[in-house]
Amino acid sequence: MDIIVKFKEMNKSFQNHHVLKNINVEFNKGETTVILGPSGSGKSTLLRCINLLEIPQTGTLEIDSLKVDFTQKLSQKDKLLIRQNTAMVFQSFNLFPHMTVLENVIEGPITVLKKDKSKMIQIGEQLLEKVGLLHKKDSYPSQLSGGQQQRVAIARALAMEPKFLLFDEPTSALDPELEGEVLKVLKALSEEQKSMILVTHNLNFARVAADRILFLENGEILFDGRTDEFFNNTENERIISFIQSMQFI
Amino acid sequence: MSRELEIVLNSIWPVLKAGLAVTIPLSLISFAIALVIAVITALVKLSNFKILKFIFSTYVWIFRGTPLLVQLFLVFYGLPKAGVTLDPWTAAIITFSLNTGAYASESIRASILSIPKGQWEAAESLGMTYWQVLRRVIAPQTVRISLPPVTNDFIDLVKGTSLAASITIAEMFMIGQQIVAFTYEPLAIYSLVAVIYLLFVSILTVIQGRLEKVASKYI
Ligand SMILES: Nc1ncnc2c1ncn2[C@@H]1O[C@H](COP(=O)(O)OP(=O)(O)O)[C@@H](O)[C@H]1O
Ligand SMILES: [Mg+2]
């Protein structure tokens, strides 16, 4: 399988707080990777380092043929290119409140990729259909439920045709019944072999949708392997107790 | 008809005329320039350009920290001593725009800062440049949020133009003073002047309400 995102010896600190420690990891094309780990272990930071919302201090990041070395000054051009190739879906949706649903979806392709507007309206409508929200295309985000907003955010990410989709706890702000509708969309994307990296606390979702699990603790990768290996693991005490603690919630 | 009432009725047009010919254009021109100054100042103060930030912060500090009347006197009566002689209108427009620009820049800066960080992140994660984020995502939201405080600054400006009387501009207040000088009716005439200011400001408030409605249609 083609590797398309790769960190080598990456370190990230906030002031004196060393949050990610010598990270070496690869993400494959067409795979769904779920990042698990206790709160504060650095999951969000790792995800945000992929599209450079956070900039590591050392190490390298490769996305396809793009390569950046964090010890050098990052050029604006590389930064924008990497961001165009990776789309982020946030826990708090972050839709643009002054734009309609459809305008939100086509904003990136039109402003950033300079795509043709009428063409993008067609594509945008198809994407909204896919997430079940075509009938809301002219609504504003404030008129939607949380689950609907998150599905729009997913359509907005897909519209960029990114090489990688990044999700940071996409359902953590949602009620259980709304969580389901978002997870369904995510599951469908995963089945389409989209390349995805998700941070989630939903172990059931990880179990059924993930090809691969990354387990983070204290800024270090404690496990990096197949999903069934992770859940059937009988040796690593830390992972066993993590899974147990999650299931008692 | 009582004498006072007659004087007031006869004074309406002269005072209103000064309002239409002086107060309103002086306010509008100064406000337009102030807005440009305010936007630039707000953006500089939010940027990382240390030296520019220092210069613009100093400007805001001085113009918010000193009385408008003193600023007017400095520019009109003071600057000629330094070889810069300005006609009253130019001096007034420069002073009013700089003064209102300083206040409005803080209103705009606060509005930009109140936009959630997630808006920047969502836009940046699409690969937008700084200017694209500002233009497409931040500016439209800033317009809505800053409308009430910036209208306040505008209202202060309209009222503040009465100080232009002190640098020989025949605006409403000065016309009022002149009428008082030969009618000896300060209560009636200054009330008339106050009512006309109130009328102007009320019209502004109505316009503000309309604009807020348009700008908030997505809420
Ligand atoms: N912008 C920031 N500034 C300072 N510290 C931060 C920042 N973002 C995250 N951290 C710290 O980094 C650590 C990892 O955070 P995070 O990646 O959000 O963890 P997780 O997503 O696994 O809960 C935490 O200790 C957090 O307090
Ligand atoms: Mg997190």
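The values are calculated or read from the model by the stated rules, or taken from the named source; none is laboratory data. Predicted, not measured: the structure shown is a model, and the values here were computed from it. Cβ sites come from the backbone with ideal geometry, for glycine too, and all protein chains shown count toward neighbours. Quick note on the areas: whole protein, heavy atoms, side chains included, nothing else; ligands and nucleic acids left out. Shrake-Rupley method; radii C 1.70, N 1.55, O 1.52, S 1.80 Å.
Taking only C-alpha pairs under 8 Å that are 6+ residues apart, what is the relative contact order of region A:41-197 in percent? Write down the numbers at each step before the final one.
Working: 204 pairs, mean separation 41.2, N = 157.
Once divided by the residue count of region A:41-197, the mean separation gives 26 percent.
Could you tell me what percent of the accessible area of region B:3-215 is made up of carbon and sulfur, with a 1.4 Å probe and every protein chain present?
On region B:3-215, the fraction of accessible area on carbon and sulfur atoms equals 73 percent.
Could you tell me how many degrees, from 0 to 90 and to the nearest 10, lie between the Cα long axis of helix B:172-183 and the main elongation axis, the longest principal axis, of the Cα atoms of chain B?
10 degrees
Between residue A:15 and residue B:86, take the C-beta separation as r, use R0 = 45 Å, and let me know the FRET efficiency to the nearest 0.05. Before the final figure, lay out the partial values.
Details: r = 51 Å, r/R0 = 1.13.
FRET efficiency, residue A:15 to residue B:86: 0.35.
Given a Förster distance of 45 Å, report the FRET efficiency between residue A:238 and residue A:117 from their Cβ-Cβ distance, rounded to the nearest 0.05. Let's see the in-between values first.
On the way: r = 51 Å, r/R0 = 1.14.
Rounded to the nearest 0.05, the efficiency is 0.30.
My understanding is that a pair violates if its Cα-Cα distance is over 23 Å; which of B:17/B:81; A:114/A:136; A:67/A:163 do that in this structure? Write down the numbers at each step before the final one.
Values: B:17/B:81 34 Å; A:114/A:136 25 Å; A:67/A:163 15 Å.
Correct reply: B:17/B:81; A:114/A:136.
So which aspartates and glutamates can residue B:53 reach, going by Cα to Cα under 17 Å and dropping same-chain residues fewer than 8 places off?
B:106
For region B:3-215, what is the relative contact order in percent, using Cα pairs closer than 8 Å and at least 6 residues apart in sequence?
Dividing the mean separation by the residue count of region B:3-215 yields 31 percent.
With a length cut of 18 Å (Cα positions projected on each helix's long axis) and a Kyte-Doolittle mean of at least -1.0, go through chain A and give me the DSSP H helices that pass. Can you show the working numbers first?
Working: long enough: A:117-130 (19 Å, -0.60); A:146-159 (20 Å, -0.04); A:176-191 (22 Å, 0.05).
Span-like helices in chain A: A:117-130, A:146-159, A:176-191.
Once the dipole of region B:3-215 is set up with Lys and Arg at +1 and Asp and Glu at -1 on Cβ about the Cα centre, which of B:189, B:211, B:84 lies farthest towards its positive end?
B:211
State the antiparallel share, in %, of DSSP beta bridges confined to region A:92-249, rounding to the nearest 5. Walk me through the intermediate numbers first.
On the way: 6 of 10 bridges.
Approximately 60 percent, going by the DSSP bridge assignments.
Need one word for region A:1-75: rounded, prolate or oblate. Basis is the Cα gyration tensor (sqrt eigenvalues a ≥ b ≥ c); a/c below 1.5 gives rounded, then a/b vs b/c decides.
Details: a/c = 2.13, a/b = 1.13, b/c = 1.89.
Taking the square roots of the gyration eigenvalues as a ≥ b ≥ c, region A:1-75 is oblate.
Let me make sure I get this right: for region B:3-215, a, b and c are the square roots of the gyration tensor eigenvalues over alpha carbons, sorted descending. Under 1.5 in a/c it's rounded, otherwise prolate if a/b > b/c, else oblate. Which is it? Before the final figure, lay out each step's value.
Numbers: a/c = 3.53, a/b = 1.74, b/c = 2.03.
Here region B:3-215 falls in the oblate category.
In bins 5 Å wide, starting from 0, what share of all Cα pairs of region B:117-219 does each bin hold, as a percent?
2, 11, 14, 14, 12, 10, 9, 8, 7, 6, 4, 2, 1, 0
Restricting attention to region B:154-219, which trypsin sites (Lys or Arg not before Pro) occupy a DSSP loop and are surrounded by at most 16 other Cβ atoms within 10 Å? Write down the numbers at each step before the final one.
Details: sites: B:159, B:210, B:213, B:217; in loops: B:217.
Those that pass, being in a loop and sparsely packed, are B:217.
Residues of A:87-99, mean number of Cβ from any other protein chain within 10 Å of their own Cβ, rounded to a whole number?
Details: counts 3, 5, 2, 4, 1, 5, 2, 10, 3, 8, 9, 13, 4.
Whole-number average of other-chain Cβ neighbours for A:87-99 is 5.
When the solvent-accessible surface of protein heavy atoms is calculated with a 1.4 angstrom probe, in what order do A:98, A:201 fall, highest first? Let's see the in-between values first.
Working: A:98 30, A:201 80 Å².
The residues order as A:201, A:98, largest area first.
Taking a label point 7 Å from the Cα of residue A:218 along the Cα→Cβ vector, which residues of region A:1-20 have an amide N closer than 14 Å to it?
The answer is A:18-20.
With +1 assigned to the C-beta of every Lys and Arg and -1 to the C-beta of every Asp and Glu, and no other charges, what is the dipole magnitude of chain A about the Cα centre in debye, to the nearest 20?
Working: 29 positive and 32 negative charges, 163 e Å.
Once rounded to the nearest 20, the dipole reads 780 debye.
Based on the alpha carbon coordinates of the protein assembly as shown, what radius of gyration and maximum Cα-Cα distance (Dmax) apply, in Å?
Expressed in Å, the Cα Rg and Dmax of the protein assembly as shown come to 30.2, 104.
Express in Å², to the nearest 10, the accessible area of residue B:211 obtained by rolling a 1.4 Å probe over the protein heavy atoms while all chains stay in place.
Using a 1.4 Å probe on the heavy atoms, I get roughly 90 Å².
Region A:136-185: which residues show an accessible-area loss of 20 Å² or more, assembly versus chain alone, 1.4 Å probe?
A:140, A:142, A:156, A:160
For the protein assembly as shown, what is the accessible area per residue in Å² when the probe is 1.4 Å?
Values: 22470 Å² over 468 residues.
I get 48 Å² per residue for this part.
Can you pull the mean other chain C-beta count within 10 Å for peptide B:134-140?
Working: counts 0, 1, 8, 7, 0, 1, 4.
Per residue, the number of nearby Cβ atoms from other chains is 3 on average.
Taking 0.36 nm per intervening residue step and subtracting the Cα-Cα distance, what contour gain separates residue B:115 from residue B:191 on full extension? Show your work: numbers first, answer last.
Details: separation 76, 0.36 × 76 = 27.36 nm, distance 4.24 nm.
23.1 nm is the gain from fully extending residue B:115 to residue B:191.
Run the numbers for residue B:74 and residue B:166: contour at 0.36 nm per residue of separation, minus the present Cα-Cα distance, in nm.
Numbers: separation 92, 0.36 × 92 = 33.12 nm, distance 1.18 nm.
Here the segment from residue B:74 to residue B:166 would lengthen by 31.9 nm.
Treat every Asp and Glu Cβ in region B:3-215 as -1 and every Lys and Arg Cβ as +1, leave all other atoms uncharged, and give the resulting dipole magnitude about the Cα centre to the nearest 20 debye. It would help to have the intermediate numbers written out before the result.
Details: 15 positive and 11 negative charges, 146 e Å.
The dipole magnitude comes to about 700 debye.
Rounded, prolate or oblate: which fits region A:12-153 when a ≥ b ≥ c are the square roots of the eigenvalues of the alpha-carbon gyration tensor, with rounded for a/c under 1.5 and prolate only if a/b beats b/c?
Prolate, because a/c is 1.5 or more and a/b exceeds b/c.
Would you mind computing, in nm to one decimal, how far apart the modelled labels at residue B:51 and residue A:177 are, each placed 7 Å from Cα along Cα→Cβ?
Going from the residue B:51 label point to the residue A:177 one covers 6.3 nm.
Scan around residue A:54 for amide H atoms under 5 Å from its own, H built in the peptide plane at 1.01 Å from N, and keep only partners 5 or more places away or cross-chain.
When sequence neighbours closer than 5 places are left aside, the close amide H contacts are A:49.
Please list A:118, B:107 from largest to smallest accessible area, probe radius 1.4 Å, with all protein chains kept in place.
Values: A:118 80, B:107 20 Å².
From most exposed to least exposed: A:118, B:107.
Give me the percent of accessible area attributable to carbon and sulfur for chain A, probe 1.4 angstrom.
Numbers: 5070 of 11070 Å².
It is 46 percent, rounded to a whole number.
At R0 = 60 Å, how high is the FRET efficiency between residue B:17 and residue A:142 if r is their beta carbon distance? Nearest 0.05 is fine.
Details: r = 47 Å, r/R0 = 0.78.
Efficiency for this residue pair is about 0.80.
Taking a temperature of 37 °C and a viscosity of 0.692 mPa s, what whole-number D in µm²/s does Stokes-Einstein yield for chain A with Rh from Kirkwood over alpha carbon pairs? Show your work: numbers first, answer last.
Numbers: Rh = 18.7 Å.
The estimated diffusion coefficient comes to 176 µm²/s.
Estimate for me the total accessible surface buried between chains A and B (protein heavy atoms, probe 1.4 Å, no ligands or nucleic acids), in Å² to the nearest 100. It would help to have the intermediate numbers written out before the result.
Values: alone 12010 and 12410 Å², together 22470 Å².
Summing both sides, the interface buries roughly 2000 Å².
Got a sec? What order do A:152, B:180, B:39 fall in by accessible area at 1.4 Å, biggest, i.e. largest, first?
Values: A:152 0, B:180 20, B:39 65 Å².
Solvent-accessible surface, decreasing: B:39, B:180, A:152.
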